[in-house]
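J.: One structure, pasted below without further comment.
The values are calculated or read from the model by the stated rules, or taken from the named source; none is laboratory data. This is a predicted model, so every value here is computed, not measured. FYI the Cβ positions are ideal-geometry reconstructions off the backbone, even for glycines, and counts take in every protein chain you see. Heads up: the accessible areas ignore ligands, DNA and RNA and are worked out on the full protein's heavy atoms, side chains in. Shrake-Rupley method; radii C 1.70, N 1.55, O 1.52, S 1.80 Å.
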Amino acid sequence: VTGTWMGATTVPCTYVPSEDFTQQTLSWSLEGDSSTSTIFQRDDSGDHILLSKFRGRVSVPKHNPGDASLVIQSLEMPDSGHYTCKIIWRSRDNSLITREVTTTVKVVKEVNPPCSSWSFPA
């Protein structure tokens, strides 16, 4: 996923909801140069943004079953990295199932338009 600096981007994380499973927790983490940090967590107590630099800039849809995508506003250059969406479901027999998917996000400064779109005065 490529996002433009100071713009917004959506890091996809979708699944097919099933009546046999209830979502227990959802977390988003970011693997940067030297460490992995949890950015966002949703559990029974609500939504929590754990990294202060993301407060007010990240959200996850609430009313769209199967969509746990991370929306990042006002992208900053250090937001580039590997984002992991991890969801834990509880099944009817109380067993837990975990799935995760990692997406690379690259923040770029706006590039000049390609030559073909330039217009020169006659």
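J.: Say we look at segment 58-77 and pick out the residues that are open to solvent by less than 20 Å² (accessible area, probe 1.4 Å) and at pLDDT 95 or above; which of these is nearest to the chain's Cα centre (by Cα)? If you could, list the steps in order and put the result at the bottom.
T.: From segment 58-77, those open to solvent by less than 20 Å² (accessible area, probe 1.4 Å) are 58, 60, 66, 68-70, 72, 75; that's our starting set.
From what is left, the residues that are at pLDDT 95 or above are 58, 60, 68-70, 72, 75.
Working: Val58: 8, Val60: 8, Ala68: 8, Ser69: 5, Leu70: 3, Ile72: 7, Leu75: 12 Å.
Restricting to residues being open to solvent by less than 20 Å² (accessible area, probe 1.4 Å) and at pLDDT 95 or above, the top hit is Leu70.
J.: So Asp93 passes all but one of these: (1) open to solvent by 80 Å² or more (accessible area, probe 1.4 Å); (2) outside any loop (DSSP other than H, G, I, E, B); (3) not hydroxyl-bearing (Ser, Thr, Tyr). Which condition number does it fail?
T.: Status for Asp93: all satisfied but (2).
J.: Any residue in segment 22-47 that is in contact (Cβ under 8 Å) with a residue 60 or more places away in the chain and part of a strand (DSSP E or B) sitting within a Cβ distance under 8 Å of a residue that is open to solvent by 80 Å² or more (accessible area, probe 1.4 Å) and among the hydrophobic types (A, V, I, L, M, F, W, C)? List the pairs, counting only those 6 or more apart or interchain.
T.: Gln24/Leu96
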